[in-house]
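The values are calculated or read from the model by the stated rules, or taken from the named source; none is laboratory data. The shown structure was predicted, so the numbers you read here are calculated from the model rather than taken from an experiment. A quick note on method: Cβ atoms are made from the backbone with ideal geometry, for glycine too, and the neighbour counts reach across all protein chains shown.
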Amino acid sequence: MNYKCEICEYVYDEEKNGVLFSNLPNSWTCPDCFVPKSFFKLIEPEEAEPVQAKTIEKDEEYDDDCVYVKVNEECYPIARNPDLCVNCGNCKNICKNQQAVCGYFNPKKIKENTICIDCGQCTLACPTGAINFKNDIENVKNALADPDKIVIFQTSPSIRVSVSEEFGFDAGSLCEGKIVAALRKLGADYVFDTTFGADLTIMEEASELIERIQSKKNLPQFTSCCPAWVKFAETFYPEILTKLSSAKSPILMQGAIIKTYFASKMNIPVDKIVSVAITPCTAKKAEIKRSEMNVSAKYNNNSSLRDMDYVLTVREFAKWLKDENINFDTLSEENYDDPLGRASGAGVIFGNSGGVMEAALRTANFLLTGKNLDKVEFQEVRGLGGIKEATVKIGDTSLKVAVVAGTANARELISKIQQGEKYDFVEVMACPGGCISGGGQPKSNTTYLEEAYKARQKGLYSLDPKSKTRFCHENEDIKKLYLQFLGKPLSPFSESLLHTSYFDKSEILGD
Ligand code: SF4
Ligand code: SF4
Ligand code: SF4
């Protein structure tokens, strides 16, 4: 049977969720609009949407008999509330089959540790909200209420096609200008676009790719902008860490630039800045806490600084707007602030699986030949496929590339490499369609999920040809940043601010 929320029309599907509606605890609320259970009405059978049978895989040798994923306090972004848990097994099913984390370690050997890559996919699958990410709204509200603080927001590429879904618009509806307006209503001092950080990431990562191809060292180069993928590699495949690009993710590049270049350009005392990212991603909440993400502290000689202070997901942002009674529907569109608010079409498509690859190839071609590609779209790496492969040409060089979405697929590709398959460049994103399906994105009804992901991808791709430029290296503000501050890509200064290191964390799995 299916039950529909009378407020937001979210459909609770008993078969999909594996729990009778009547068995949900009284404290359960609608995952989309948070109204109590009493707002749900039974949908008569003829109205019911088709459902897929749920399958929970049989536990393997090393799998424990616990039906849910085990996350403890060590796992910063994800927490499970046992009072809301109805033991449906959805979280473990996703974690094991789609993400290939649960079931890939021996529970007896890990002792009290949590093995989790922070991807948040389990939070999308949980019917009761028992497993969810930790909420940072109050911290951001406190910063906004402090007259001494300058609160700077940045918004990730993919959220411009998903925030509006929380307010009843179709998936993929574009709402970039409304997001900026909403943040200004909440009190933002500046609103920047992380797409600028994506352009910067490509400048560094494409330069690194060219260097590796020319020296034939550390190939294939793996992308590094997905923190859940990075943690997955650090935990399960430390032997490939030298192959990961050392470029930081766009949010953390932008965070470092805000508290160095921007603060000094605008003459803002850096300790007054509170830097907040609105993202599709739960793993970013953990990424900003990594000890090495504090180059602004070193640059400013102030050990209390972190490069980024808070990360809010799309679901947190939408809840906050609803709590403040901000009518998203009627907001007028506003523009991002300069100079970290302008980006290329290549930066925008970063939110799609395949987008980072495409953006990097466009710039790598320019770096290698001094010319732009005539054909900038790489259709072979687009779409929702788990592993997409292609042979592409930049200059006279043929490159074998692969685009991977979902960490179970990453295991499959790594296994191919271990068996001798050769690649030059591999993009890995932990979520199934890239960031458009991140763990902090709106929860969509499962029967509609694939359509929603496709619509979000289409929305992002539609912006690329309309952009002022489709090449990261043609972003005028990026050029200015290198000219006035960084020097050039991979310069020692760029390396110190924009690159990072990875650590073998496999010890956590036990011996
Ligand atoms: S956040 Fe990802 S890795 Fe962690 S428990 Fe959930 S699905 Fe598994
Ligand atoms: S945490 Fe959620 S998804 Fe996991 S078993 Fe409990 S109710 Fe099901
Ligand atoms: S694919 Fe995107 S949303 Fe998902 S974990 Fe990686 S960076 Fe976060």
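Scan 129, 89, 120 and give me the residue that is among the small types (Gly, Ala, Ser) and more than 29 Å from residue 278 (Cα to Cα). Step through it out loud before you land on a result.
On the way: 129 fails: more than 29 Å from residue 278 (Cα to Cα); 120 fails: more than 29 Å from residue 278 (Cα to Cα).
Answer to the check: 89.
Sort out which residues of the range 411-450 are within 13 Å of ligand 3 (Cβ to nearest atom) and at positive phi, and write them in order of number.
434
Give 173, 156 a once-over and let me know the one that is of a type in the set (S, T, N, Q) and more than 18 Å from the chain's Cα centre (by Cα).
Details: 156 fails: more than 18 Å from the chain's Cα centre (by Cα).
None of the others qualify; the one that does is 173.
Search the range 414-449 for residues being under 30 Å from residue 315 (Cβ atoms) and either acidic (Asp, Glu) or part of a helix (DSSP H, G or I) (or both), and hand back the single one that is farthest from ligand 2 (Cβ to nearest atom).
Taking the candidates together, the pick is 427.
Step by step: first the residues of the range 235-271, then only those that are of a type in the set (D, E, K, R) and surrounded by fewer than 22 Cβ atoms within 10 Å (Cβ to Cβ), then the one that is nearest to residue 296 (Cα to Cα). Which residue is that?
Step one: of the range 235-271, the residues of a type in the set (D, E, K, R) are 239, 243, 248, 259, 265, 271.
Okay, now just the ones that are also surrounded by fewer than 22 Cβ atoms within 10 Å (Cβ to Cβ), so 239, 243, 265, 271.
Numbers: 239: 30, 243: 26, 265: 15, 271: 10 Å.
Looking at the filtered set, the residue picked out is 271.
One residue is enough: does the range 203-219 have a residue meeting the conditions within 16 Å of ligand 1 (Cβ to nearest atom) and part of a helix (DSSP H, G or I)?
Initial filter on the range 203-219 (within 16 Å of ligand 1 (Cβ to nearest atom)): none.
No, the range 203-219 contains no residue that is within 16 Å of ligand 1 (Cβ to nearest atom) and part of a helix (DSSP H, G or I).
Here is a list of conditions, (1) farther than 18 Å from residue 199 by Cβ; (2) touching a residue at least 24 places away in the same chain (Cβ under 8 Å), and residue 476 meets all of them except one; can you say which number that is?
(1)
Do we have any residue at all in the range 228-239 that's in a strand (DSSP E or B), more than 16 Å from ligand 2 (Cβ to nearest atom) and in contact (Cβ under 8 Å) with a residue 24 or more places away in the chain? Don't jump to the end; show me each part of the working.
To start, the set of residues in the range 228-239 that are in a strand (DSSP E or B) comprises none.
Within the range 228-239 (the criterion being in a strand (DSSP E or B), more than 16 Å from ligand 2 (Cβ to nearest atom) and in contact (Cβ under 8 Å) with a residue 24 or more places away in the chain), the answer is no, since none of the residues qualifies.
Mind checking whether some residue in the range 323-338 is small (Gly, Ala, Ser) and outside any helix (DSSP H, G or I)?
Keep residues of the range 323-338 that are small (Gly, Ala, Ser), which gives 332.
Right, trim to outside any helix (DSSP H, G or I) and you get 332.
For the range 323-338, residues small (Gly, Ala, Ser) and outside any helix (DSSP H, G or I): present.
Here is a list: 490, 481. Which entry is assigned to a helix (DSSP H, G or I), at pLDDT 95 or above and away from ligand 3 (no atom under 16 Å from the Cβ)? Quick ask: steps written out before the conclusion?
Numbers: 490 fails: assigned to a helix (DSSP H, G or I).
Every option except 481 fails the conditions.
Could you run through the range 171-202 and say how many residues are among the small types (Gly, Ala, Ser), touching a strand residue (DSSP E or B) at 6+ places or on another chain (Cβ under 8 Å) and either surrounded by fewer than 24 Cβ atoms within 10 Å (Cβ to Cβ) or assigned to a strand (DSSP E or B) (or both)?
At the first step, the residues of the range 171-202 found to be among the small types (Gly, Ala, Ser) are 171-173, 177, 181-182, 187-188, 197-198.
Those still in the list that are touching a strand residue (DSSP E or B) at 6+ places or on another chain (Cβ under 8 Å) too: 187-188, 197.
This time we only want the ones that are either surrounded by fewer than 24 Cβ atoms within 10 Å (Cβ to Cβ) or assigned to a strand (DSSP E or B) (or both), so: 187-188.
The qualifying residues number 2.
Could you list all residues from the range 359-387 that are free of Cβ contacts under 8 Å to residues at least 24 places away in the same chain and in a helix (DSSP H, G or I)?
Passing the criteria: 379, 380.
Answer with yes or no whether residue 415 is within 26 Å of residue 102 (Cα to Cα), surrounded by fewer than 19 Cβ atoms within 10 Å (Cβ to Cβ) and assigned by TED's automatic domain parsing to the domain that holds residue 175.
Working: within 26 Å of residue 102 (Cα to Cα): yes; surrounded by fewer than 19 Cβ atoms within 10 Å (Cβ to Cβ): yes; assigned by TED's automatic domain parsing to the domain that holds residue 175: yes.
Criteria met by residue 415.
Restricting to the range 6-27, name every residue that is closer than 21 Å to residue 317 by Cα and either crowded, with 19+ Cβ neighbours inside 10 Å or in contact with a strand residue (DSSP E or B) (Cβ under 8 Å, 6 or more places away or on another chain) (or both).
Narrowing the range 6-27 to residues closer than 21 Å to residue 317 by Cα: 7-10.
Selection gives 10 alone.
Within the bounds of the range 339-359, is there any residue that is closer than 23 Å to residue 461 by Cβ, within 14 Å of ligand 3 (Cβ to nearest atom) and polar (S, T, N, Q)? Give the derivation first.
So in the range 339-359, the residues closer than 23 Å to residue 461 by Cβ come out as 341-359.
Next, only the ones that are within 14 Å of ligand 3 (Cβ to nearest atom) stay: 349-357.
Filter once more, so that each one left must be polar (S, T, N, Q): 352-353.
Within the range 339-359, one or more residues are closer than 23 Å to residue 461 by Cβ, within 14 Å of ligand 3 (Cβ to nearest atom) and polar (S, T, N, Q).
Looking at residue 257, is it in contact (Cβ under 8 Å) with a residue 60 or more places away in the chain and within 30 Å of residue 190 (Cβ to Cβ)?
yes
Just for the range 342-358: of the residues that are part of a loop (DSSP other than H, G, I, E, B) and of a type outside the set (Gly, Ala, Ser), which one is surrounded by the most Cβ atoms within 10 Å (Cβ to Cβ)? Don't jump to the end; show me each part of the working.
From the range 342-358, those part of a loop (DSSP other than H, G, I, E, B) are 342-344, 352-354; that's our starting set.
With the extra rule that they be of a type outside the set (Gly, Ala, Ser), the set shrinks to 342, 352.
Values: 342: 22, 352: 33.
Looking at the filtered set, the residue picked out is 352.
Could you please find all residues in the range 81-125 being more than 16 Å from ligand 2 (Cβ to nearest atom), of a type in the set (S, T, N, Q) and under 25 Å from residue 281 (Cβ atoms)?
If the condition is that a residue be more than 16 Å from ligand 2 (Cβ to nearest atom), of a type in the set (S, T, N, Q) and under 25 Å from residue 281 (Cβ atoms), then 113 is the only one that fits.
Quick one: in the range 76-89, which of the residues that are buried (at least 18 other Cβ atoms within 10 Å of the Cβ) and outside any loop (DSSP other than H, G, I, E, B) is farthest from ligand 3 (Cβ to nearest atom)?
Taking the candidates together, the pick is 80.
Filtering the range 101-123 down to residues that are among the hydrophobic types (A, V, I, L, M, F, W, C) and either more than 9 Å from ligand 1 (Cβ to nearest atom) or surrounded by fewer than 17 Cβ atoms within 10 Å (Cβ to Cβ) (or both), which residue is nearest to residue 409 (Cα to Cα)?
Restricting attention to the range 101-123, the residues satisfying the condition of being among the hydrophobic types (A, V, I, L, M, F, W, C) are 101-102, 105, 110, 115-117, 119, 122.
Subset that is either more than 9 Å from ligand 1 (Cβ to nearest atom) or surrounded by fewer than 17 Cβ atoms within 10 Å (Cβ to Cβ) (or both): 105, 110.
Values: 105: 17, 110: 24 Å.
The residue in question is 105.
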